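**Student:** Provided herewith is a single structure, encoded as structure tokens, for subsequent inquiry.
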Amino acid sequence: MKRVSILNHVIGPIMRGPSSSHTAGPHRIGRIARDLLGEKPLRADFFFHPSSSLAVCYHDQGSDLAFVTGLLERELTDGAFHVMFDEARAEGLELSFSLEPFDEADHPNSALIRLGGTGGASVTLHARSVGGGSIEIASVDGFPLCLVGDSHELLVEVEKGFEAAALERLTAWDAKAERIEGATSTLLHGSSCREPGESLLESLRKDPGLRNLRRARPVMHPLCGDPLFADTAELLALADGEGWSLAEAALAYEGRLLGLSREELMQAMDRRLAVMIESVRQGLEERPAMRLLEPTAAKLFAAERGGKTFLGGPHVRAAARALAAMHANGGSAVVCAAPTGGSAGVIPAVATTLMEDLGLSREATVKALWAAGAVGLALDRRSTFAAEVCGCQVEIGAAGAMGAAAVVEAAGGSASQACDAAATVFQNVMGSVCDLVQGIVEIPCHSRNAALASQAFLCADMILGGYENPVPLDETIDAVDSTGRMLPEELRCTARGGLALCPSARAMRRRP
Ligand code: SF4
């Protein structure tokens, strides 16, 4: 079972638009690659398989900049993000990006990375960005393993015959340390939520058979505990017994997993809410520059306020706010992935509509976000947030489902009502494809975020008003997953199907 954290994987990371798979994920990979190299990088060569999603959009979506920002140990929110190649040059780092087939390419967002450092060190790794900013380092110097960035990692490569002493030292730190056999050496891999002590590192460095000692720090909250429940059915049984809302269940889960207090968790979510509020403000007030679309959020918002839309009301204002947050995302501003960059408009729109139109307090809004997180958690554990794997239903569809749960929580509904509202949204978007025009996260992403922000309120009201959901959330998610995997590659984030092929879409002029 995947170990999923709401703060690490569902509502977050705080990132730079436009795409969590193509900016947040590469940034995390870059950070870990730099750690594994163990010294300042002098040369970095990136390879993407020609038929992959990364090959199509690594430049347009800023993956190249994000990889380099990570390699330079800079934050993705760094104001110099857009000139990170200049920063790299200034630090003497040479870069290349190539489209070439490589044997390890087993995911639409696979990358092969070769690094050389100023002191002569080198490392080769195969990494995947697997959706919503989640990553997997799948091999290091040809040794197969899995690093996901939620632990301190130690990789100890030793000569054959010298494994026993190093493994004994490593298992004192990680009882589950693994042994991976190579042709001429063995890799010992340990990981822990505790930082390795200097005495352990010193003793490993003195090992007579040592070839290489690599370490990597976590790029997100380290996971210290076990999950409180395995699925939504268990969550609901627990919530029923304890009298918890969906948000309370989510807080209990996350507290145990990360070893954080309720207050720390609420503060961490409040920081995400602050980024969401700012992204909506930017989109409404600053007309962010995008590649294909003109910013229209402010126009729609003003039209609704001026009585120029037909029905108007909170549903339309939520749609305008979702457009606004997506405009900020499209302009490479700092946003909160919720659950992804391409769907970073829905939850901010729901949250700000609850606060500004319906008078929900800041604390209650933060709690509503925890309820949203519980739904994203259910999806990520059973499926994926990667549109490259399952289409737009696991990005904007997921955000809409999460938003519906947030609205039910805000309305004082039960955990099961919140899950039913979420399931209803998923059922409405089953099979929705990822057909982004020109490989840019704008069309149809922005209007779909607007529609799903509105639908979140509708489906919450349907459940609160008496509609009975026939298929529970977990089963619905399984159907979403299997449907997504039946979609042809052309409709999974490759810009080779759907709207992306329409003559008008292809003819659109993109701004530099
Ligand atoms: S169409 Fe949906 S899944 Fe594809 S890039 Fe846009 S938001 Fe993401």
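The values are calculated or read from the model by the stated rules, or taken from the named source; none is laboratory data. Since we're looking at a predicted model, the values are computed, not measured. FYI the Cβ positions are ideal-geometry reconstructions off the backbone, even for glycines, and counts take in every protein chain you see. The protein model used for the area step is the full one, side chains on, heavy atoms only, and it has no ligands, DNA or RNA in it. Shrake-Rupley method; radii C 1.70, N 1.55, O 1.52, S 1.80 Å.
**Student:** Keeping to the range 150-172, report how many residues are closer than 22 Å to residue 3 by Cα and in contact with a strand residue (DSSP E or B) (Cβ under 6 Å, 6 or more places away or on another chain). Before the answer, list the steps.
**Tutor:** First, pick out the residues of the range 150-172 that are closer than 22 Å to residue 3 by Cα: 150-155, 171.
The next check asks that each one be in contact with a strand residue (DSSP E or B) (Cβ under 6 Å, 6 or more places away or on another chain); those that pass are 151-155.
Summing the residues that are closer than 22 Å to residue 3 by Cα and in contact with a strand residue (DSSP E or B) (Cβ under 6 Å, 6 or more places away or on another chain) in the range 150-172 gives 5.
**Student:** With the requirement that a residue be among the charged types (D, E, K, R), assigned to a loop (DSSP other than H, G, I, E, B) and open to solvent by less than 90 Å² (accessible area, probe 1.4 Å), what does the range 157-199 give you?
**Tutor:** First pass over the range 157-199, keeping only residues among the charged types (D, E, K, R): 157, 159-160, 163, 168-169, 174, 176, 178-179, 181, 194-195, 198.
Within this subset, residues satisfying the condition of being assigned to a loop (DSSP other than H, G, I, E, B) are 160, 174, 176, 194-195.
Residues satisfying the conditions are 160, 174.
**Student:** Step by step: first the residues of the range 414-433, then only those that are free of Cβ contacts under 8 Å to residues at least 60 places away in the same chain and open to solvent by 10 Å² or more (accessible area, probe 1.4 Å), then the one that is farthest from the ligand (Cβ to nearest atom). Which residue is that? Step through it out loud before you land on a result.
**Tutor:** Here is the first cut: in the range 414-433, the residues free of Cβ contacts under 8 Å to residues at least 60 places away in the same chain are 417, 420-432.
Next, from what is left, pick out any that are open to solvent by 10 Å² or more (accessible area, probe 1.4 Å): 417, 420, 427-432.
Details: 417: 27, 420: 24, 427: 18, 428: 15, 429: 10, 430: 14, 431: 13, 432: 8 Å.
Selected residue: 417.
**Student:** Can you report the number of residues in the range 434-449 which are open to solvent by less than 10 Å² (accessible area, probe 1.4 Å) and part of a helix (DSSP H, G or I)?
**Tutor:** Count: 4.
**Student:** Still on this structure: In this structure, does residue 274 turn out to be assigned to a helix (DSSP H, G or I) and open to solvent by less than 10 Å² (accessible area, probe 1.4 Å)?
**Tutor:** Details: assigned to a helix (DSSP H, G or I): yes; open to solvent by less than 10 Å² (accessible area, probe 1.4 Å): no.
For residue 274, the condition - assigned to a helix (DSSP H, G or I) and open to solvent by less than 10 Å² (accessible area, probe 1.4 Å) - is not met.
**Student:** Out of the residues in the range 207-236 that are exposed (fewer than 14 other Cβ atoms within 10 Å of the Cβ) and more than 16 Å from residue 174 (Cα to Cα), state the one that is nearest to the chain's Cα centre (by Cα).
**Tutor:** 230
**Student:** If residue 252 passes every condition in (1) in the same structural domain as residue 414 (by TED's automatic domain parsing); (2) part of a loop (DSSP other than H, G, I, E, B) but one, which one does it miss?
**Tutor:** The number of the failed condition is (2).
**Student:** Which is of a type outside the set (Lys, Arg), open to solvent by 60 Å² or more (accessible area, probe 1.4 Å) and not in a strand (DSSP E or B), of 282, 267? Steps first, please.
**Tutor:** Working: 282 fails: open to solvent by 60 Å² or more (accessible area, probe 1.4 Å).
Going through 282, 267 in turn, the sole match is 267.
**Student:** Going by the structure shown, is residue 23 at pLDDT 95 or above, closer than 26 Å to residue 214 by Cα and polar (S, T, N, Q)?
**Tutor:** Details: at pLDDT 95 or above: no; closer than 26 Å to residue 214 by Cα: yes; polar (S, T, N, Q): yes.
No.
**Student:** Please list, ordered by first then second residue, the pairs with beta carbon atoms under 6 Å, 6 or more apart or interchain, first in the range 384-401 and free of Cβ contacts under 8 Å to residues at least 60 places away in the same chain and of a type in the set (A, V, I, L, M), second near the ligand (Cβ under 9 Å from one of its atoms) and open to solvent by 10 Å² or more (accessible area, probe 1.4 Å).
**Tutor:** Note: pairs meeting the criteria are 396/448.
**Student:** Condition test on residue 204, is it buried (at least 19 other Cβ atoms within 10 Å of the Cβ), touching a Ser or Thr at 6+ places or on another chain (Cβ under 7 Å) and assigned to a helix (DSSP H, G or I)? Steps first, answer last, please.
**Tutor:** On the way: buried (at least 19 other Cβ atoms within 10 Å of the Cβ): yes; touching a Ser or Thr at 6+ places or on another chain (Cβ under 7 Å): no; assigned to a helix (DSSP H, G or I): yes.
When the stated conditions are applied, residue 204 does not pass them.
**Student:** Identify all residues within the range 381-400 that are open to solvent by 10 Å² or more (accessible area, probe 1.4 Å) and either more than 15 Å from the ligand (Cβ to nearest atom) or assigned to a helix (DSSP H, G or I) (or both); write none if there are none.
**Tutor:** Selection gives 381, 382, 389, 392.
**Student:** Consider residue 480 carefully, then state whether it is of a type outside the set (S, T, N, Q), in contact with a Phe, Trp or Tyr (Cβ under 6 Å, 6 or more places away or on another chain) and within 14 Å of the ligand (Cβ to nearest atom). Write out each step before concluding.
**Tutor:** Numbers: of a type outside the set (S, T, N, Q): yes; in contact with a Phe, Trp or Tyr (Cβ under 6 Å, 6 or more places away or on another chain): yes; within 14 Å of the ligand (Cβ to nearest atom): yes.
Answer is yes for this residue.
**Student:** Let me ask something additional. Quick one: is residue 328 under 13 Å from residue 301 (Cβ atoms), within 16 Å of the ligand (Cβ to nearest atom) and surrounded by 24 or more Cβ atoms within 10 Å (Cβ to Cβ)?
**Tutor:** no
**Student:** A follow-up question, please. Condition first: under 21 Å from the mean Cα position of the chain (by Cα) and either away from the ligand (no atom under 15 Å from the Cβ) or not assigned by TED's automatic domain parsing to the domain that holds residue 386 (or both). Now tell me which residues in the range 434-458 satisfy that.
**Tutor:** Within the range 434-458, 456 is the sole residue that qualifies.
**Student:** Looking at 302, 289, can you tell me which residue is open to solvent by 50 Å² or more (accessible area, probe 1.4 Å), among the aliphatic types (A, V, I, L, M) and in a helix (DSSP H, G or I)? If you could, list the steps in order and put the result at the bottom.
**Tutor:** Details: 289 fails: in a helix (DSSP H, G or I).
None of the other options fit; the residue is 302.
**Student:** Moving on. Quick check on this structure: which one of 487, 473 is at negative phi, within 14 Å of the ligand (Cβ to nearest atom) and within 25 Å of the chain's Cα centre (by Cα)?
**Tutor:** Numbers: 473 fails: within 14 Å of the ligand (Cβ to nearest atom).
Only one candidate qualifies: 487.
**Student:** Still on this model: Please go through the range 475-503 and pick out each residue that is part of a loop (DSSP other than H, G, I, E, B), touching a Gly at 6+ places or on another chain (Cβ under 9 Å) and open to solvent by 50 Å² or more (accessible area, probe 1.4 Å). Reasoning before the result, please.
**Tutor:** Residues of the range 475-503 part of a loop (DSSP other than H, G, I, E, B): 487-488, 493-497, 502.
After this cut, where a residue has to be touching a Gly at 6+ places or on another chain (Cβ under 9 Å) as well, the list is 487-488, 493-495.
The one that is part of a loop (DSSP other than H, G, I, E, B), touching a Gly at 6+ places or on another chain (Cβ under 9 Å) and open to solvent by 50 Å² or more (accessible area, probe 1.4 Å): 488.
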